[in-house]
Amino acid sequence: MSTYSDPYAESRETTEGRVYSVTGGDWDSLATEIGATKEERVVVNMGPQHPSTHGVLRIILELEGETVTETRCGIGYLHTGIEKNAEYRSWTQGVTFVTRMDYLAPIFNETAYCLAVEKLLGITGDVPERASIIRVLMMELNRISSHMVALGTGALELGALSPMIFAFRERELVLDLFEMISGLRMNMAFVRPGGVAQDIPEGGVAKIRETVATLRKNFKDNEKLLIGNTIWMKRTQNIGYLDLAGCTTLGITGPVLRSAGLPWDLRKVAPYCGYENYDFDVITTDTADVYGRFLIRMQELEQSLRIIEQACDKLDKTVGQPVMVADKKIAWPSQLSVGADGMGNSLAHIREIMGESMESLIHHFKLVTEGFRVPAGQVYVAIESPRGETGVHLVSDGGTRPYRVHFREPSFNNLQSTSAMCEGSMIADVIGAIASIDPVMGGVDR
Amino acid sequence: MGLEEKLPSGVVLTSVEKLAGYMRKSSLWPATFGLACCAIEMMAAGAGRYDLARFGMEVFRASPRQADLMIVAGRVSNKMAPVLRQIYDQMAAPKWVIAMGACASSGGMFNNYAIVQGVDHIVPVDIYLPGCPPRPEMLMDAILKLHENIGDAKLGVNRARVVREVEAAALAAKPTIQITGLLS
Amino acid sequence: MSENKGSFGVAGSGDTSGYSGLVRTKVTPGSSERPFGGYFDEVADDLERAFPEFGAAIEKVVVDRNELTLYVKRDHLRSVALTLRNTESLRFEMCMGVNGVHYPDEKDRELHAVYELLSLTHNRRIRLEVALPDSDPHLPSLVEVWGGVNWHERETFDMFGIIFDGHPGLTRILMPDDWQGHPQRKDYPLGGIPVEYKGATIPAPSERRTYR
């Protein structure tokens, strides 16, 4: 593969071999160059490290004064090779890898992956109802926490500092719930193929209801600060315009598509995990600008709270039901609980596999070391994550490890629209537009 | 400062060390170097509940020239490595590095072609903080340990002596495989 | 049908799972016969009506796990894509992305490019799959048909080496610009740096232990 000459990564041969410098050039030579052409165009790097907390995104801007004439995104600074690494891990271990792609919405990554594995296994109908309800509950909680980060950091980048503190305060309440249910605040590896890892603990549903009430009250703080705020509206209205034609060409989904007026939400048009049994609205605006997307995210918070309340009611009705698929050759065997040393398998489970049932022991051993076999084929499963459509293309060759795991992350597509949204606007609007796309670089680069 | 280089080892130098150490640790300004999931926990540590402002550290400086501490929060890919080194170089001494999370400390769960197996391949690290991601309280613990280190740091001739001693110890150290008696 | 030794889909890369003695025959779903079921028949009929060279362009149709995959010959890929997008009854406006899969066992059909299509008007999904030989990994670029595949094609090129002719700027997108090799191919090692500690060297994970 021949290398091509990159003006931003010039190379020179040294005694140590070829050395690349990724600095972008010497300012003096750049200034003389610009002076020579008598043009006012400057190429600026909003480099991979910048205070806009959207992660390691490099935006290459060609500026004429304050106006952006051309913008391109440089991505790949967080490429982790998760997809290749998952080919070397069993199907269940893949969950821990996949959960770290879009790290603000880990449950969505896990659920999409597990739904795809279950579709390949053919057990989509066998996943217990309580497992689906817990999945919906965790997904909607994650939607709230993800939107809180989006709103908080978006506001922070545009200069509003208090919404960030309020948003993180709300997020901490949700993270407390995550910790109670799954044990971890982030990257939980909670949704497993076949169901979920474990059931909601005692008193959990009551705590969830209490948190929902607190959140409903707390969301008003952010609303009062931003909605109708003249400065906020001036910074966000008519910025980052992308109409429906632009969205469909670029394959954009999620709040950006819904801000263009199309009520496309996979939870409604192609329901999964029992979403057809929940009563909620799809929020749409038709302004196709940053303000519209901001309003959509704020109102989706309320809809998520509604779904969580309905999920709590359903959980109360299904107490005691299993949360893992019944087929012992697939179901993740261990039951975790807080033991004498602070963690581990529950004593009841240990007693069963060591003392009572040889078959349980064999299942536990084989499932954890080798993993279950998935019949050959390929599937594509898509769910509605806070950023858009998260799709999993899973190829199996009949073995215990995936043959190919590919994630169609919404941020990857949505980021392509920065050029369409930002060219012709001013630098400050670039920040607003990208904040409204809400990209998560872990998902973009995988 | 220059002052500590001119003083001989003695009570004056020790007083300067104590004062400089106290000043440096009390308002350590981190550079924004959040990469992946650990960055979110770092932001949570700076937010309302786990408040970093009580240590004077809530101002995450965007410009590395104004920052003292680089908290490498998240996985460093091979594409990001030269950028990381450049930001580290642009920071003015004295500067410290916390490798936050398993990926920054050692590559974490991603032992593959794309991730640098530990940010100490690129920059010298003062504190390694494991976790995936570490809780905000764990990050604060690492920061407080770093504060202790900074407060106790020797300067001038004392520092040169300490550096010589550490280097001699490292050169004379036996390979791990020959060390006996550690488990007894 | 082919054989697979060991746990991983790759051989020669050091199977550390302990199951390297396993031998397994691999089976992939074959071509499907009509009726396909659901809306797949309608899609196939409409495509045949709108695209007269259906028989020459579509190698096989696979309906598996309630999903339709059309295996398209690469010379007809662009025209099939345009027909799928423009025909009123098909209207696949959105391409969710291009993905590559590497099958080193299928001689002369090693690299597959998979296109996921979505129709917003009819709420349908289908998949297009194109097989390419390793010796000639060229595909026409579909950036003019669906603009969103721009970065996806760059990623597929970066990870698999499939060259999209007509792409406005086909460069590496995820790996550093000067990287050699295409990482997600099956003949590319998982990697990892062999780290040296005091006197001992830890080899990369793909070379650590063999149980042969």
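Checking the condition within 12 Å of the chain's Cα centre (by Cα), of a type in the set (Gly, Ala, Ser) and surrounded by fewer than 23 Cβ atoms within 10 Å (Cβ to Cβ), which residue from C:GLY100, C:GLY161, C:GLY147 passes? Explain how you work it out, then say what you get.
Details: C:GLY100 fails: surrounded by fewer than 23 Cβ atoms within 10 Å (Cβ to Cβ); C:GLY147 fails: within 12 Å of the chain's Cα centre (by Cα).
Every option except C:GLY161 fails the conditions.
I'd like the full set of residues that are part of a loop (DSSP other than H, G, I, E, B) and modelled with pLDDT under 75, limited to the range A:334-359.
If the condition is that a residue be part of a loop (DSSP other than H, G, I, E, B) and modelled with pLDDT under 75, then A:SER334, A:GLN335, A:SER337, A:VAL338, A:GLY339, A:ALA340, A:ASP341, A:GLY342, A:MET343, A:GLY344, A:SER346 are the ones that fit.
Of the residues C:GLY30, C:GLY38, which is more than 27 Å from C:PRO137 (Cα to Cα), at pLDDT below 85, within 14 Å of another protein chain (Cβ to nearest Cβ) and surrounded by fewer than 19 Cβ atoms within 10 Å (Cβ to Cβ)?
It is C:GLY38.
Which condition number does A:ASP243 fail, the rest of (1) without any contact (Cβ under 8 Å) to a residue 24 or more places away in the chain; (2) out of contact with any strand residue (DSSP E or B) (no Cβ under 8 Å at 6 or more places or on another chain) being met?
So the condition that A:ASP243 fails would be (1).
Per-residue answers, yes or no, for (1) within 14 Å of chain C (Cβ to nearest Cβ); (2) outside any loop (DSSP other than H, G, I, E, B); (3) closer than 27 Å to B:ARG54 by Cα:
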position: B:MET138; (1), (2), (3): no, yes, yes
position: B:ILE143; (1), (2), (3): no, yes, yes
position: B:HIS147; (1), (2), (3): no, yes, yes
position: B:ILE150; (1), (2), (3): no, yes, yes
position: B:ARG161; (1), (2), (3): no, yes, no
position: B:ALA169; (1), (2), (3): yes, yes, no
position: B:ILE177; (1), (2), (3): yes, yes, no
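Looking only at the range A:370-417, count every residue that is assigned to a strand (DSSP E or B), in contact with a Phe, Trp or Tyr (Cβ under 7 Å, 6 or more places away or on another chain) and at the interface with chain C (Cβ under 10 Å from one of its Cβ atoms) and tell me the total.
Residues of the range A:370-417 assigned to a strand (DSSP E or B): A:377-385, A:388-396, A:404-408.
Narrowing the set further to residues that are in contact with a Phe, Trp or Tyr (Cβ under 7 Å, 6 or more places away or on another chain) leaves A:383, A:385, A:390-393, A:395-396.
In the following step, the residues that additionally are at the interface with chain C (Cβ under 10 Å from one of its Cβ atoms) were identified as A:391, A:393, A:395-396.
Within the range A:370-417, residues that are assigned to a strand (DSSP E or B), in contact with a Phe, Trp or Tyr (Cβ under 7 Å, 6 or more places away or on another chain) and at the interface with chain C (Cβ under 10 Å from one of its Cβ atoms) number 4.
Would you mention how many residues in the range A:103-120 are among the β-branched types (Val, Ile, Thr) and within 26 Å of A:VAL56 (Cα to Cα)?
Residues flagged as among the β-branched types (Val, Ile, Thr) and within 26 Å of A:VAL56 (Cα to Cα) within the range A:103-120 amount to 2.
Look through B:ALA53, B:ALA45, B:ALA39, B:ALA20 and report the one residue that is within 8 Å of chain A (Cβ to nearest Cβ) and outside any loop (DSSP other than H, G, I, E, B).
Being within 8 Å of chain A (Cβ to nearest Cβ) and outside any loop (DSSP other than H, G, I, E, B) holds for just one of B:ALA53, B:ALA45, B:ALA39, B:ALA20, which is B:ALA39.
Of the conditions (1) buried (at least 22 other Cβ atoms within 10 Å of the Cβ); (2) part of a helix (DSSP H, G or I); (3) hydrophobic (A, V, I, L, M, F, W, C), B:VAL83 clears all except one; give me its number.
The number of the failed condition is (1).
Just to be sure I understand the filter: pairs with C-beta atoms under 7 Å, separated by 6 or more residues or on different chains, first member in the range C:78-101 and within 13 Å of chain A (Cβ to nearest Cβ), second member among the small types (Gly, Ala, Ser) and assigned to a strand (DSSP E or B). Which pairs pass?
C:ARG91/C:SER119; C:PHE92/C:SER119; C:GLU93/C:SER119; C:MET96/A:GLY391; C:VAL98/C:ALA113; C:GLY100/C:ALA113
Could you list, in sequence order, all residues of the range B:110-130 that are assigned to a loop (DSSP other than H, G, I, E, B), of a type outside the set (S, T, N, Q) and either closer than 15 Å to B:PHE33 by Cα or without any contact (Cβ under 8 Å) to a residue 40 or more places away in the chain (or both)?
Residues satisfying the conditions are B:PHE110, B:TYR113, B:ALA114, B:GLY118, B:ILE122, B:VAL123, B:PRO124, B:VAL125, B:ASP126, B:PRO130.
Please work out which one of (1) free of Cβ contacts under 8 Å to residues at least 40 places away in the same chain; (2) in contact with a Ser or Thr (Cβ under 8 Å, 6 or more places away or on another chain); (3) crowded, with 22+ Cβ neighbours inside 10 Å; (4) farther than 28 Å from C:ASP178 by Cα is the condition B:PHE60 fails and give its number.
So B:PHE60 meets the others, but not (3).
Could you grab me the full set of residues in the range A:70-126 that are assigned to a loop (DSSP other than H, G, I, E, B), surrounded by 24 or more Cβ atoms within 10 Å (Cβ to Cβ) and more than 9 Å from every other protein chain (Cβ to nearest Cβ)? Working first, answer last.
Of all residues in the range A:70-126, those assigned to a loop (DSSP other than H, G, I, E, B) come to A:75-81, A:87-92, A:99-105, A:122-123.
In the following step, the residues that additionally are surrounded by 24 or more Cβ atoms within 10 Å (Cβ to Cβ) were identified as A:75-81, A:88, A:91, A:99-105.
Answer for the range A:70-126, where residues must be assigned to a loop (DSSP other than H, G, I, E, B), surrounded by 24 or more Cβ atoms within 10 Å (Cβ to Cβ) and more than 9 Å from every other protein chain (Cβ to nearest Cβ): A:TRP91, A:THR99, A:MET101, A:ASP102, A:ALA105.
Residue by residue through the range A:354-369, note down the ones that are of a type in the set (Val, Ile, Thr), more than 10 Å from every other protein chain (Cβ to nearest Cβ) and free of Cβ contacts under 8 Å to residues at least 12 places away in the same chain. Spell out the reasoning first.
Going residue by residue through the range A:354-369, those that are of a type in the set (Val, Ile, Thr) are A:362, A:368-369.
From what's left, more than 10 Å from every other protein chain (Cβ to nearest Cβ): A:362, A:368.
Passing the criteria: only A:ILE362.
Mind listing whichever residues of the range A:46-76 are within 28 Å of the chain's Cα centre (by Cα) and among the hydrophobic types (A, V, I, L, M, F, W, C)?
A:MET46, A:VAL56, A:LEU57, A:ILE59, A:ILE60, A:LEU61, A:CYS73, A:ILE75
The values are calculated or read from the model by the stated rules, or taken from the named source; none is laboratory data. All figures in this text were calculated on a predicted structure; none of them were measured in a lab. Every residue, glycine as well, gets a Cβ built from its backbone with ideal geometry; the counts of neighbours run over all protein chains shown.
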